[in-house]
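The values are calculated or read from the model by the stated rules, or taken from the named source; none is laboratory data. Given the structure is predicted, the values throughout are model-derived calculations rather than measurements. Using ideal geometry, Cβ is built from the backbone for each residue, glycine included, and neighbour counts are taken over all protein chains shown. The area values use the complete protein model at the heavy-atom level, side chains included, leaving out ligands, DNA and RNA. Shrake-Rupley method; radii C 1.70, N 1.55, O 1.52, S 1.80 Å.
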Amino acid sequence: MKYSAAALAAAIAAVSGHAALAQTQINVLRVAVNPEQEQYLEKIATDFEAQNEGVDVIFEYVANEAYKARLPTLLQSDARPDIFYSWGGQTVVEQVEAGFLQPIGDLLPQGFRETLPQAGLQAYEVEGQLYGLPQYATEVVFWANKALTDQAGIDLDAIKTWDDFLQAVQTAKDAGVTPIIAGGQDKWPLHFYWSYLALRHGGPTVVTDAMSGENGGFTAEPFVAAGRDFQRLTELEPFQPGYISTTYETASGMFADGAGAFHLMGDWDYLPMRERSTSGQGLPDDQLAIISFPAVADPVAEGGNDATLGGINGWAVTNSAEPEAVAFLAFMMNAENQREAGRQQLFIPIAEGTSDGMDNPFFIQVAQNIADSSFHQIFLDQFLGASVGATINDISADLAQDAITPEDAAAQVQEAWDFR
Amino acid sequence: MTLADADRRLPASARWRRAVSNGRITAVLILLPPALILFTLFVTLPLGESAWFSFFNWNGYGTPSDFVGTSNYERILGHSIFHTAVGNTLKIVAVSLLVQMPLALFLALLIHRKTPTNAVFRLVFFLPYILAEVAAGLIWSFVFDGNYGVTASIAQGFGLGEVFILSNPDWAFMAIMTVIVWKYFGFHMMIYIAALQSVPQDQIEAARIEGASRLQVVRYVQVPHIRPAIAVSAFFAIIGALQVFDVIIPLTNGGPSNQTHTIVTYLYTFGLTRLNIGFGSAVGVILFVGAVTVAVFYQRIFMKRAEA
């Protein structure tokens, strides 16, 4: 008891001493990450504190769903963070409109902006002003289990178009292999199909056009065609039995356990899917492959077949943040820290020329895909805000179960957009 | 004549003096404020705010400014998933009243006597109620799992092949209702046991001597005696059914195709997670009005009758 009291007193003294020294405190809120990433961020914070006396950087982590639910309330309170994790897109627009974010373009170090690709910065720009910075890009790809595709006699290199892919699914089925593993209960893994197909059919501007109400908004032909093509796939019953009550985590573990040939998921799933497998090891690298989402042979508008779908995840800065917070953000995103993240296989760094530290073949391929892409579309369920995004997830799951028609699906998205 | 009746006959000033002298006022002054303040802060004020928000199209950012009148309400009432949610809630009410309560009563009649064996059974039957709802939901999601769940083994035993109950729009809600009955019957059983233990033993014996069968004793002596307890338990069942939420989220999350929502999961899914705070508030107001209506009418009609 005596010892614990002494320890408590020492701890209080340590904390208060620390607080007295630190004149500026930078609070950073982030969606919970794995221990390696947490360590990476803490290291950056320590380095920054060492270089800037009197600055104290504090990271706080909140679980994914809770983060999204808490953020709006938090931003309105005095306890709002200085920097918070963001998926960019419409949510940033809404936050700017509500006056929660501050423009940081002028506060960044000279020449810093140029180290980041314009496509990444765009995700954090509203009406020409920059409100945050991108940290990494992700791409949604088909992960393939080569042992199973070989067994079924599928040539992965030959899958170029959607029809090729449908053929591969049929081949897998005929060979008694479950073609695709999907986490249908969470719905968003299914929304990748609809989003990608809409992008392929409608070209790079398909979403922005719909947002501005052109060609009937989200009821335009590319979105209907996306639903139709998605249902051509689901008519083949390509998913594992009970996929609609399978969560993303379970599905990702199942794929790593070798339960199916394909798994449409972001590059971020590389480590987590192993951790979720029964053995904890997952599939060995030489048994894994990634292929880009297939092209469509008869797009409604050209230009979508070279586009990629994924995330541009980064950070936004709130209106109450001190200039030191922006300095920290720039520090966190500097070339050295970006390169280090690639080296540790944490994520694919977005800053120009920093992906050279990576030796993971899949990450290298994804980085190349994104660099070659004509347009990188942010996940629609993030890009369009919480309400429209959730509707897209809903209709994707409904299309997969043949509970609605492609036309109804598109109409529901438009309705959600009108009422957002 | 009870004490309260006597009090009522005194003039107001005398009543006041009497209340001060016997410490009732002091008790009220000390005991009322904490509850009143908490209730006001966390129930009354949010209720008022919800009612206010429900007239706005608001995503939770900033202050609500886009006044839309009653259009949130119109959207809810015209939303087919809301109709499903209300239907599901009514199904839970029906199952609670027609399956859960009779089951609880039956078990209570079997084990209400104080014996060591009965104590063990009581504990076993009461355990599901102690379990956290989310934990129960997760456990049952494993039970219903089509790959390795208990139901899958049973189905395979009968040669039915793979059965994914929670993926099936027709069966998923049956599964949820099963879990709800399993989860809450112990609670109602305990209410009945407490009531059955206070049934005068001499009346039961008298009925027996007159030649009443076991069933007749139950029907003409025990059940009439515990009628107030049944009325209370039915009240809890109905109000509880209106609030079902945390069992459903881990089991189906409202799916497949939004077929297993209750009013509360509907509110959560379409109001909170989508940041349609105005819309969600309107659902909350509708639910509140429904619950208050049920509560008031129930108290007026059934509780009075049960007391009579």
_Cα-only radius of gyration and Dmax that characterise region B:195-266, units Å_ = 20.2, 60
*Efficiency of FRET from Cβ geometry, B:Arg208 and A:Gln151, R₀ 60 Å, rounded to 0.05*: 0.20
_P(r) of region A:121-198 over all Cα-Cα pairs, binned every 5 Å from zero, in whole percent_ = 3, 12, 17, 17, 15, 12, 7, 6, 6, 4, 1
_B:Leu215 paired with B:Val20, simple spin-label distance in nm, labels 7 Å along Cα-to-beta-carbon_ = 6.5
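Report, in debye and to the nearest 20, how large the dipole of the protein assembly as shown comes out about its Cα centre when Lys and Arg carry +1 and Asp and Glu carry -1 on their Cβ. Please report the intermediate quantities before stating the final value.
On the way: 39 positive and 71 negative charges, 1138 e Å.
The calculation lands at about 5460 debye.
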*Label-point separation, B:His225 to A:Thr46 (7 Å along Cα→Cβ), nm*: 7.2
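Between B:Leu138 and B:Ser13, 0.36 nm times their residue separation minus their Cα-Cα distance comes to what? Please list the in-between numbers first.
On the way: separation 125, 0.36 × 125 = 45.00 nm, distance 5.98 nm.
Separation in residues times 0.36 nm, less the Cα-Cα distance, equals 39.0 nm.
Counting only other chains, and only Cβ atoms inside 10 Å, what mean value do you get across the residues of A:67-74? Can you show the working numbers first?
Working: counts 0, 4, 5, 0, 3, 7, 3, 0.
Per residue, the number of nearby Cβ atoms from other chains is 3 on average.
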*Hey, got the Cα dimensions of the protein assembly as shown along the principal axes, in Å, largest first?*
93, 70, 61
*asked:* Just to confirm my numbers, what's the Cα centroid distance between region A:282-312 and region B:247-270 in Å?
replied: 32
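Which FRET efficiency value, to the nearest 0.05, is calculated for A:Arg113 and A:Asp306 with the Förster distance at 30 angstrom and r the Cβ-Cβ distance? Show your work: numbers first, answer last.
On the way: r = 26 Å, r/R0 = 0.86.
Plugging the Cβ-Cβ distance into 1/(1 + (r/R0)^6) gives 0.70.
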*Under Stokes-Einstein, with the Kirkwood radius over Cα pairs standing in for Rh, what whole-number D in µm²/s applies to chain A at 10 °C and 1.306 mPa s?*
70
*Using only the alpha-carbon atoms of region A:284-397, report the extent along each of the three principal axes, biggest first, to the nearest angstrom.*
51, 40, 28
*Where Lys and Arg each count +1 and Asp and Glu each count -1, what net charge lies around B:Ala135 among other residues with Cβ under 14 Å from its Cβ?*
-1
_Carbon/sulfur fraction of accessible area - the protein assembly as shown, other protein chains in place, 1.4 Å, %_ = 59
*Using the per-residue mean of other Cβ atoms lying within 10 Å as a proxy for protection, in what order, highest first, do the peptides A:39-45, A:316-322 fall?*
A:316-322, A:39-45
_Spatial extent of region B:35-190: Rg and Dmax, with the Cα atoms as the point set, Å_ = 21.8, 64
_Nonlocal amide H pairs with A:Phe59, under 5 Å, H built at 1.01 Å_ = A:Val28
*asked:* Please compare each pair in B:Lys91/B:Lys183; A:Lys146/A:Lys187; B:Lys183/B:Lys304 to a cut-off of 23 Å on the Cα-Cα distance and tell me which ones are over it.
replied: A:Lys146/A:Lys187; B:Lys183/B:Lys304
*Just name one of A:Trp188, A:Met211, A:Thr247: the one whose Cα is farthest towards the positive end of the charge dipole of region A:148-268 (beta-carbon charges, Lys/Arg +1, Asp/Glu -1).*
A:Met211
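Across peptide B:264-276, how many C-beta atoms of other chains are within 10 Å of each residue C-beta, on average? Intermediate values should be presented prior to the final figure.
Numbers: counts 0, 0, 0, 0, 1, 2, 4, 1, 3, 7, 11, 12, 6.
For this peptide, the per-residue mean of nearby foreign Cβ atoms is 4.
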*Hey, what number do you get for chain A at 222 nm if only DSSP H runs of n ≥ 4 count, each worth -39500 (n - 2.57), divided across all residues, to the nearest 500?*
-14500 deg cm²/dmol
*Pick out which of B:Gly159, B:Gly60, B:Gly255 has the largest mean-square fluctuation in a Gaussian network model of chain B, springs linking Cα atoms closer than 10 Å.*
B:Gly159
*asked:* Can you give me the distance in nm between label points at B:Leu29 and A:Glu352, each placed 7 Å from the Cα along the Cα-to-Cβ direction?
replied: 7.6
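Local charge sum around A:Val169 (other residues, Cβ-Cβ under 11 Å, Lys/Arg +1, Asp/Glu -1)?
Details: positive: A:Lys173, A:Arg232; negative: A:Asp163, A:Asp164, A:Asp174, A:Glu235, A:Glu237.
Net charge around A:Val169: -3.
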_Compactness of region B:69-307, expressed as Rg and Dmax over alpha-carbon positions, Å_ = 20.8, 69
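Taking region A:70-121 on its own, what percent of its Cα-Cα pair distances exceed 13 Å?
On the way: 893 of 1326 pairs.
Of all Cα-Cα pairs in region A:70-121, 67 percent lie more than 13 Å apart.
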*For every other residue with a beta carbon closer than 12 angstrom to the beta carbon of B:Ala194, add +1 if it is Lys or Arg and -1 if Asp or Glu, then tell me the sum.*
+2
